[in-house]
Structures are given as C-alpha cells and as structure tokens.
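Following: one structure in structure tokens, then a few remarks.
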Amino acid sequence: MTEFTEMKTYDIQQIGDAGSVLATIPIDAISGEAAAKQLKSVERGTEKIVVCLDGAPMNEMGVDYWQKRVRRR
C-alpha cells in the first residue's frame, strides 16, 4: 500500500483551443486527483487540463469541470 502514500511529481498541463500547451505546472502529490486539486489557477485561454506522470497523460478534464468539481473547497 506504499504506492498510494508515496509523493510523486505530476505535471499539470494547461491546453488551449488549438491543442497548444499554455503552461505546465509540476505539483508533488499522492495522486493525480490530489495534484489537480492543488492547482490554484489556469492560464487565460485554457480549455482542458491534463494530469501527466512521467510524461504520460493520466487524467484529462475540461476547465469547467475542474472549476466546479475538482477545485471546490
């Protein structure tokens, strides 16, 4: 069960409408979901957020979903 408590560095990519990466934020967390929750804000023009681990996409969500469901406190 140590794999769930081990901190890993996730790269949170903010993707614009043309598929371009607007920003990549490294966040240390115990899971991809926890990393997405730690993201404070997104760049203007971001349409989707992709959580990556070791360069591989693990989770993808729209900005609206992130703002309403993931970011809530």
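The values are calculated or read from the model by the stated rules, or taken from the named source; none is laboratory data. These numbers were taken from a predicted model, which means no experiment stands behind them. Here Cβ is always computed from backbone atoms with ideal geometry, including for glycine, and neighbour counts include all displayed protein chains. These area figures cover heavy atoms from the full protein model, side chains too; ligands, DNA and RNA do not enter into them. Shrake-Rupley method; radii C 1.70, N 1.55, O 1.52, S 1.80 Å.
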In terms of the Cα gyration tensor, with a ≥ b ≥ c the square roots of its eigenvalues, is the range 21-73 rounded because a/c is under 1.5, prolate because a/b exceeds b/c, or oblate?
oblate
Per residue, how much accessible area does the range 1-62 show when a 1.4 Å probe rolls over the protein heavy atoms, in square angstrom?
64 Å²
In order through the range 52-67: 3J(HN,Hα) via Karplus (6.51 cos²θ - 1.76 cosθ + 1.60), integer Hz, x for Gly, Pro:
10, 10, 6, x, 9, x, 10, 8, 9, 8, x, 4, 4, 4, 4, 5
Along the charge dipole of the chain, which of 29, 15, 63 sits closest to the positive end, that is, farthest toward it, with unit charges on the beta carbon of Lys, Arg, Asp and Glu (+1, +1, -1, -1)?
63
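Take the solvent-accessible surface of the protein heavy atoms, probe 1.4 Å, and return the percent of it on the chain that carbon and sulfur atoms account for. List each step's numbers first, then the result.
Details: 2380 of 5090 Å².
C and S atoms contribute 47 percent here.
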Within the chain, GluC sites (Glu not before Pro) in DSSP loop having at most 16 other beta-carbon neighbours inside 10 Å:
6, 43
I'd like the Karplus ³J(HN,Hα) series for the range 24-38: coefficients 6.51, -1.76, 1.60, θ = phi - 60°, whole numbers in Hz, and an x wherever there's a Gly or Pro.
10, 10, x, 9, 7, 7, 8, 7, x, 5, 5, 5, 4, 5, 7
